Amino acid sequence: MSNYKLLTVLYFILQNPSIYLHAQVNFTAPNQEYYATIDRLMNDLKSVQDTNRVKVLTNLCWTYKDTNPLKALEYGEKALQLAQKLSYKSGIANAYNYLGVVYNTQGNYLKSQGSHLLSAQAFKKIRDKIGVSQAYQRAGITPRKNHEFQKALEYYQLSLKVARQIKDPFRIASPLSNMGGVYQSLGDYKKALTYYQNALTIYKTLADSAMIGITLNNIGKTYENQNATQLAQEYYLEAKNIAEQNKDSSRLAQISLNLAQIHYKNGEIPKAEQLALQSLKLSRKYLLRPTIQESSYLLAQIYAQGGQFQQAFTYQLIYTQMLDSLHNEEESRRITEIQELVETEQKKANSALLQKDNIIKAEGQQLTKSYIYLAWVIAGFMVLLAFFLYRSNLYRKQHNIELQIQNEKINRQISEIHRTKENIEKSKIELLEKNQLIEKKNESFRRILNQLNENNIRLTNSIRYAEKIQRAFLPHDNQFRDLFENHFIIFKPKDVVSGDFYWLNRVENKIFIAVVDCTGHGVPGAFMSMIGNTLLNEIINQEKVFQPNEVLVHLHEGIRWTLKQNDSKNTDGMDLSFCCIEQDDQGAFQVQFSGAKSSIYYYHQKELHFLKGDRKSIGGWQMEVKREFQNHHFTLQKGDILYFATDGYTDAPNPQRKKLGYKKFQQILSDHAQLSLKQQGAALLEALYAHKTTGEQRDDITIVGVQL
C-alpha cells in the first residue's frame, strides 16, 4: 500500500474512533467450576493441618495462577514456608515448582527460572526423577525468551538426560521437541529437523495424535523458513488432517493460517483467502489472540493487494485491536495489584482502631471493678465505725479525727477516679476523631489513585497508538525479504516509541536503504522520525534525487525548512547512513554511500570493512553557506553483507557505566560473519544482554544487516 493510501486509512481511523471500538473482543470470565474449586479449597483450609495444609495451599496457588497471580504468589509462599517448617520435602519441591509457573505468568522470568532450579534440587532429594526432568525443562523457558539459547539448550539437555535414565518416552520426546525449537530460532534448520524427527518417532510409538500433529506443524514451519514450500505444505496438510480427526479447533486454526501463508507466497490468492478466513473463524471462537492477529493481518494484505480496501481496512482494525488487548490486560492487572495493596493497608488501619477500642473497653471494666471495691471498703469502714462508736465513747474524738482523715483520703480517691474517667472519655473522643481523619485520608487517596489510573491509561493508550502509527511507516519484513532474502533487523526503542527508524525503497533497478537516529527518543524522537521518513519519500519518489550525498543535502534543507530553524532556536536534527545499491551487467553490486555522523560496515572477501560518514548532522545550526556531504563508491559481490547501526548499541552501558564500544561491535560482526543473518542478529542480542545485564537501556537501538 502506498504512503498516500496508508495516510488515508490512518486519517479515517482518527476521524471514526467508534469503528475501532466495535472491533473489541469480549473475554469470558472464570466459570462456575472455578469458583466451586476455590470455595472447596478455602473450606478445606479451615480444618486441615500440617502436610495436608501444605497440599491445600499449593492447590490454591495453582488454581489462582491465571486469574489472580498476586493471590497465587501469596498461597505459594505460605505453602513453601510451612513445608520448610515441617521439613516436608515433597511439599517444598511442589511449592517451588508452582511458584516458578506463577512468576512466569507475571512475566518475572528470572525468578521463574530460579524457582524451577530450586524445584529440581528438591525433587533430586526425594529421588523424583520425573519432577527433576520437568523442572529443568521449565527452567529453559526464561533463557529461551531472553535469546540465551545456549543456556536453554543446557537445561533441555539435563531434562533429556534424566528422562532417558527413567526410560520415560514422553519425557524424552518433550525436551527433544524444545531443542528443535531452539535450533529453529538460531537458524540451524538441519539440527532443528533432526530433533523434531526424533521427537515425532517417539510420539508415533506412543500413538499420541495431539503431539504428532504439533510436531508435524513445527517441521512444516522449519521447511517454510528454508523456502521449501512444497515440503512445508505436505507436513501442514498431514498436521491439519490429524487436528480435524481430533476435533482440535485451536490447533486447526494455527495450521490453516500456516497453509494460507504458503498459498499467499505461491500467489494462490483464493486458497490463501479461504484458509485465512477459516483460521480467523476458529481462532475467534476460541479467543486465540495471536492467531486472530496473524490471520487478520494476512487477510488485510490479501484484500489490499486485490484493491478491496474497505475489507482490508476492516481486518487491519481487528489486527490493531489484538495488539491493544494484551496491553489492556496488563494495565488491568496492575490496577488490581494497587487496589489489593490499598485494601491491605485499610485492613491494618481498622485492626489498629479495633485494638485501641478493646483497650478502652478493658479500662472501663477495670473502672467498674474499682467502684465496686470502693463501695465494699466504705461499707466495711462504716460498720467498723459504728462498732467502735458503740463500744467506746471515750475515744470518740480520736475516732472522729481518724474518720476525718480517712474521709479525706476517700474523697481524693473519688476525685482521682473521676479524673481518670474523664481522661478515658477524652481519649475515646480523640480516637474517634483520628478514625474519621483516617477515613477522610483514605477516601482522598482512593480519589487520587483513581485519577492517576485514568491519566495513566489515557497517556499509555495515546503512546501505544502513536507506536502503531510509527510502526506502520516502517518497512515490513516482507518488503526486506523481497529485496534481500537473507537479512536481520534489531529494533529496540528505549521507550514505547522511537527516535530511530529504518527506511527502504526501490526505484527501477536501484535499491535505497537508510538507518536514521533522530534527536531525542520517546515521543519527541518519534515525531522527528516521521518527518524524516516523509522527507525521504518525497526526495526519492517525487524529486527523483538518487545520488546519496545529494539526498542528504535535500534532507538537511527539508529539516531546516520544516522546523523553521532559520528563524528559531530549534537545533533538532538526525544522523544517518544512506546507501544506493545497483547491480551491473556482470552481476556485481555498485554501492554508493553517504553518511551524516554515521558509518557503514560491509563484509567483503572474508574481511570486515567500514566507511565513516561526514562529521556533520542533518538539520540544526548551519555556519557554512551550503552544507555538503561526501559520496563514497565501492563494489561488492553476491554474498557480501552490509551492516547499518545507530549509536544506541555501542553506547549501551553496563551497571558500572562502561559502554559496549565500537571495537566490541566490530569484533562481534567479524566473528559471526560466516553464520546466517538470523544467527548474527541473535549473537548481537546475546552480546548486548551479557554486557548490560541489569543495566538500563539508555537510548534507542537499531541494527540492520542485509546480504546481497
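With respect to the numbered conditions (1) in contact (Cβ under 8 Å) with a residue 40 or more places away in the chain; (2) within 26 Å of Glu686 (Cβ to Cβ), which one is the sole condition not fulfilled by Asn453?
(2)
Quick check on my filter: what residues within the range 465-514 are over 16 Å from Gly648 (Cα atoms), out of contact with any helix residue (DSSP H, G or I) (no Cβ under 7 Å at 6 or more places or on another chain) and either among the basic types (Lys, Arg) or open to solvent by less than 20 Å² (accessible area, probe 1.4 Å) (or both)?
Hits for the range 465-514 are Arg471, Leu474, Pro475, Phe480, Arg481, Phe484, Lys510, Ile513.
Of the residues in the range 607-631, how many are more than 16 Å from Asp575 (Cβ to Cβ) and either without any contact (Cβ under 8 Å) to a residue 40 or more places away in the chain or part of a strand (DSSP E or B) (or both)?
Number satisfying all stated conditions: 6.
Check Ala83, Ala23, Ala36 and return the single one that is open to solvent by less than 40 Å² (accessible area, probe 1.4 Å) and at pLDDT below 90. Write out each step before concluding.
Working: Ala83 fails: at pLDDT below 90; Ala36 fails: open to solvent by less than 40 Å² (accessible area, probe 1.4 Å).
Just one listed residue meets the conditions, Ala23.
Filter the range 86-108 down to the residues that are over 17 Å from Asp66 (Cβ atoms), open to solvent by 20 Å² or more (accessible area, probe 1.4 Å) and not hydrophobic (A, V, I, L, M, F, W, C) and list them by number. Steps first, please.
Within the range 86-108, the subset over 17 Å from Asp66 (Cβ atoms) is 86-96.
If we keep only those that are open to solvent by 20 Å² or more (accessible area, probe 1.4 Å) as well, we get 86-90, 92, 94, 96.
Correct list: Ser87, Tyr88, Lys89, Ser90, Asn94, Tyr96.
Please work out which one of (1) closer than 25 Å to Leu483 by Cβ; (2) within 27 Å of the chain's Cα centre (by Cα); (3) open to solvent by 10 Å² or more (accessible area, probe 1.4 Å) is the condition Ile703 fails and give its number.
So the condition that Ile703 fails would be (3).
Among the residues of the range 267-306, how many are in contact with a helix residue (DSSP H, G or I) (Cβ under 6 Å, 6 or more places away or on another chain) and either of a type in the set (Phe, Trp, Tyr) or not in a helix (DSSP H, G or I) (or both)?
Within the range 267-306, residues that are in contact with a helix residue (DSSP H, G or I) (Cβ under 6 Å, 6 or more places away or on another chain) and either of a type in the set (Phe, Trp, Tyr) or not in a helix (DSSP H, G or I) (or both) number 4.
Can you find a residue that is farther than 22 Å from Gln321 by Cα and in a helix (DSSP H, G or I) anywhere in the range 452-474? Break it down into steps so the answer makes sense when it comes.
We begin by selecting, within the range 452-474, every residue farther than 22 Å from Gln321 by Cα; these are 452.
Pick out the ones that are also in a helix (DSSP H, G or I) and you get 452.
Scanning the range 452-474 turns up at least one residue that is farther than 22 Å from Gln321 by Cα and in a helix (DSSP H, G or I).
Yes/no matrix, rows are residues, columns are (1) outside any helix (DSSP H, G or I); (2) open to solvent by 10 Å² or more (accessible area, probe 1.4 Å); (3) touching an Asp or Glu at 6+ places or on another chain (Cβ under 8 Å); (4) more than 25 Å from Val182 (Cα to Cα):
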residue: Lys638; (1), (2), (3), (4): yes, yes, no, yes
residue: Leu642; (1), (2), (3), (4): yes, no, no, yes
residue: Asp647; (1), (2), (3), (4): yes, yes, yes, yes
residue: Lys663; (1), (2), (3), (4): no, yes, no, yes
residue: Gln666; (1), (2), (3), (4): no, yes, no, yes
residue: Leu669; (1), (2), (3), (4): no, no, no, no
residue: Leu675; (1), (2), (3), (4): yes, yes, no, no
residue: Glu686; (1), (2), (3), (4): no, yes, yes, no
residue: Glu696; (1), (2), (3), (4): yes, yes, no, yes
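Scan the range 506-552 residue by residue and report those that are in a loop (DSSP other than H, G, I, E, B) and under 17 Å from Gly573 (Cα atoms).
Going residue by residue through the range 506-552, those that are in a loop (DSSP other than H, G, I, E, B) are 508-509, 519-521, 543-547.
Of everything in the range 506-552, those that are in a loop (DSSP other than H, G, I, E, B) and under 17 Å from Gly573 (Cα atoms) turn out to be Thr519, Gly520, His521.
Would the range 483-505 turn up any residue that is more than 29 Å from Gln679 (Cα to Cα) and either in contact with a Lys or Arg (Cβ under 6 Å, 6 or more places away or on another chain) or among the hydrophobic types (A, V, I, L, M, F, W, C) (or both)? It would help to see each step written out before you state the result.
First pass over the range 483-505, keeping only residues more than 29 Å from Gln679 (Cα to Cα): none.
No, there is no match, as no residue in the range 483-505 is more than 29 Å from Gln679 (Cα to Cα) and either in contact with a Lys or Arg (Cβ under 6 Å, 6 or more places away or on another chain) or among the hydrophobic types (A, V, I, L, M, F, W, C) (or both).
Just the residues that are open to solvent by 30 Å² or more (accessible area, probe 1.4 Å) and touching a Phe, Trp or Tyr at 6+ places or on another chain (Cβ under 9 Å), please, taken from the range 615-636.
Those that are open to solvent by 30 Å² or more (accessible area, probe 1.4 Å) and touching a Phe, Trp or Tyr at 6+ places or on another chain (Cβ under 9 Å): Lys616, Asn631, His632, His633, Thr635.
Please pick out the residue among Gln274, Gln261 that is open to solvent by 50 Å² or more (accessible area, probe 1.4 Å) and modelled with pLDDT of 85 or more. Talk me through it step by step, then tell me what you get.
Numbers: Gln261 fails: open to solvent by 50 Å² or more (accessible area, probe 1.4 Å).
It is Gln274.
Given the options Arg171, Arg164, name the one that is at pLDDT 90 or above and over 25 Å from Leu231 (Cβ atoms).
Selected residue: Arg164, the only one of Arg171, Arg164 that is at pLDDT 90 or above and over 25 Å from Leu231 (Cβ atoms).
Could you give every pair whose Cβ atoms fall below 9 Å, whose first residue belongs to the range 680-708 and is under 21 Å from Pro655 (Cα atoms), and whose second residue is modelled with pLDDT under 90 and aromatic (Phe, Trp, Tyr), counting only separations of at least 6 or pairs across chains?
Close Cβ pairs (under 9 Å, with a partner that is modelled with pLDDT under 90 and aromatic (Phe, Trp, Tyr)) amount to Glu686/Phe149.
Can we say Ser90 is closer than 19 Å to Leu158 by Cβ and part of a helix (DSSP H, G or I)?
Values: closer than 19 Å to Leu158 by Cβ: no; part of a helix (DSSP H, G or I): yes.
Considered against the rule, which asks whether it is closer than 19 Å to Leu158 by Cβ and part of a helix (DSSP H, G or I), Ser90 comes out as no.
Only residues in the range 228-240 that are closer than 23 Å to Leu282 by Cβ and modelled with pLDDT under 90 count as the first member; pair them with residues that are in a helix (DSSP H, G or I) and among the acidic types (Asp, Glu), Cβ under 7 angstrom, at least 6 apart or cross-chain, and list the lot.
Partner pairs satisfying both residue conditions: Ala232/Glu224.
Which residues, counting only those in the range 201-210, are open to solvent by less than 50 Å² (accessible area, probe 1.4 Å) and either modelled with pLDDT of 90 or more or basic (Lys, Arg) (or both)?
Ile202
Considering the range 625-640 alone, what residues qualify as being of a type in the set (D, E, K, R) and more than 11 Å from Val591 (Cβ to Cβ)? Give the derivation first.
So in the range 625-640, the residues of a type in the set (D, E, K, R) come out as 626-628, 638, 640.
If the condition is that a residue be of a type in the set (D, E, K, R) and more than 11 Å from Val591 (Cβ to Cβ), then Lys626, Arg627, Glu628, Lys638 are the ones that fit.
Could you say whether any residue in the range 342-359 is aliphatic (A, V, I, L, M), surrounded by 14 or more Cβ atoms within 10 Å (Cβ to Cβ) and modelled with pLDDT of 55 or more?
No - not one qualifying residue is present in the range 342-359.
Just name the residue that is nearest to Leu675 (Cα to Cα) out of those in the range 152-173 that are touching a Leu at 6+ places or on another chain (Cβ under 9 Å) and open to solvent by 20 Å² or more (accessible area, probe 1.4 Å).
The selected residue is Tyr155.
Across the range 109-151, what is the total count of residues that are open to solvent by 40 Å² or more (accessible area, probe 1.4 Å) and of a type outside the set (Asp, Glu)?
First, the residues of the range 109-151 that are open to solvent by 40 Å² or more (accessible area, probe 1.4 Å): 109-111, 117-118, 121, 124-130, 134, 138, 141, 144-148, 150-151.
Applying the additional criterion that residues be of a type outside the set (Asp, Glu) yields 109-111, 117-118, 121, 124-127, 129-130, 134, 138, 141, 144-147, 150-151.
Of the residues in that region, 21 qualify.
The values are calculated or read from the model by the stated rules, or taken from the named source; none is laboratory data. In this text, all values refer to a predicted model and were calculated from it rather than measured experimentally. Every residue, glycine among them, receives a Cβ derived from its backbone with ideal geometry; neighbour counts consider all protein chains shown. What goes into the accessible areas is simple: the full protein's heavy atoms, side chains included, and nothing from ligands, DNA or RNA. Shrake-Rupley method; radii C 1.70, N 1.55, O 1.52, S 1.80 Å.
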